[in-house]
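Structure first, then comments.
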Amino acid sequence: MQSLSTPSPIKSLIRPRPRVTRASPNKLVLQCIYRSDSVSFPNGVGSNRADWQSSCAILASKVVAQQQPIDKSINGGDSGGVADHVAAVNGHKTSVDLNLVPIEKATSNSNNSSIKPHQPQKPLTITDLCPAPTHGSQLRVAYQGVPGAYSEAAAGKAYPNCEAIPCDQFEVAFQAVELWIADRAVLPVENSLGGSIHRNYDLLLRHRLHIVGEVQLPVHHCLLALPGVRKEYVNRVISHPQALAQCELTLTKLGLQVVREAVDDTAGAAEYIAANNLRDTAAIASARAAELYGLQVLADGIQDDSSNVTRFVMLAREPIIPRTDRPFRTSIVFAHDKGTSVLFKVLSAFAFRNISLTKIESRPHRNRPIRLVDDANVGTAKHFEYMFYVDFEASMAEVRAQNALAEVQEFTSFLRVLGSYPMDMTPWCPSRGDDDDDGGNEKNPF
């Protein structure tokens with residue numbers, strides 16, 4: 001399949017070169033380099049641990065000496081230099097040049113008698129370590145799909161002005177963040193009509209990324225085809241399986257006797273039609289996909305239900321610090337050796353503290369999918385083992401949430417907090433359609 005002018009998804013990850021940290025000119029930079037020919041010791045030092053410790057002590061002494069500026073006029077003469085300051089270390093006489101990077105000293109233009117004292121560097125704050133999740137400037141955000149996908153729109157809503165990085169698979173987006181190719185990942189976890197995206201729940205447990213935010217995106221489907229193609233000439237419609245299911249009734253109302261064919265994603269279907277010049281095929285995708293790939297919109301707003309929303313989570317390498325000044329959601333996953341019998345006790349820990357649960361999802365326990373219970377009288381019982389994913393409306397900065405998880409930990413054999421993050425509280429209005437419209441089209445307010 002030929003690619004267009006849009007960037008292609010990441011299909012193979014190459015470990016990037018390590019980033020170089022640049023120090024400011026007023027810092028002392030120490031580099032520890034293990035080389036057999038970098039330093040020559042006149043007394044034969046350098047072949048055992050004691051000599052290595054001697055070198056480290058010399059290095060530390062030179063650092064102290066450089067950090068203490070000496071004024072000859074005040075001290076009454078030459079101090080003898082750093083080499084005289086360190087006469088012997090661990091019983092060895094040394095005269096080693098370790099080539100330290102000197103500290104630049106600011107002197108006055110008139111004479112060298114006045115030395116500007118070293119200004120202490122401003123300490124890092126919480127703001128420096130944990131930027132606000134709504135800050136999207138100069139961020140590289142990975143998403144699954146090709147340009148024009150709904151995931152790309154979610155990435156732009158979550159992090160405006162970000163650099164969106166397309167990935168061909170969900171797992172590639174996870175790896176892009178872990179390998180520092182991307183700073184964030186925005187991936188779908190559930191849809192109001194199609195339910196949970198189980199693949200991403202499994203990947204959340206497999207990888208060590210943290211949920212730092214969420215974004216809810218209204219889904220507005222369009223029927224796209226090549227310019228000049230009429231609806232009656234279309235005999236095949238391709239799109240993502242969930243998109244096909246969400247538009248089934250509307251396609252029937254349009255009078256289209258077409259074959260439905262599933263592909264990897266909605267925007268990929270539009271790209272495939274444009275790249276192969278398929279004049280008998282239409283795609284279900286977004287209006288942005290039509291603009292990117294030069295397609296025309298045959299029908300707008302063809303989803304069967306206007307209340308079609310997909311929830312995306314924002315993933316990062318480090319968690320954010322939970323707060324209490326705005327609504328927060330916390331996501332956890334847990335399991336127990338005795339199976340589902342502990343589920344009631346876990347739920348009661350939240351109910352007792354008036355914590356609302358917004359989602360509970362069970363997934364097979366891949367490491368131990370079946371638990372066998374032998375009974376001499378009736379035989380062997382086989383129980384399926386599950387991992388439970390729970391979302392609740394509370395911040396981990398709240399005492400009630402901390403106490404609830406402390407109680408949950410007593411009943412479970414495994415508990416992990418996937419993230420505590422701000423809820424998406426942006427207003428949203430579903431697209432409204434006109435029932436009298438012959439095509440069943442709906443107007444999209446977005």
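Figures for the structure shown
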| quantity | calculated |
| --- | --- |
| Net length gained if the chain between Glu291 and Ser196 were fully extended (0.36 nm per residue, minus Cα distance) | 31.3 nm |
| Semi-axis lengths (Å, descending) of the ellipsoid that matches the C-alpha gyration tensor of region 151-201 | 20, 15, 8 |
| Positive-end residue, region 165-250 charge dipole about Cα centroid, Cβ charges, pick of Ala243, Gly213, Trp180 | Ala243 |
| Inter-probe distance in nm under a simple model that places probes 7 Å from Cα toward Cβ, at Ser413 and Gln138 | 4.8 nm |
| FRET efficiency estimate (nearest 0.05) - Cβ-Cβ, Lys231 to Leu205, R0 35 angstrom | 0.20 |
| Length released on extending from Val309 to Lys157, taking residue separation times 0.36 nm less the Cα-Cα span | 53.3 nm |
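Read the figures in this text as sums done on the coordinates, not as results from a lab. Please read all numbers here as calculations on a predicted model, not as lab measurements. Virtual Cβ from ideal backbone geometry, glycine too; neighbours counted across all protein chains shown.
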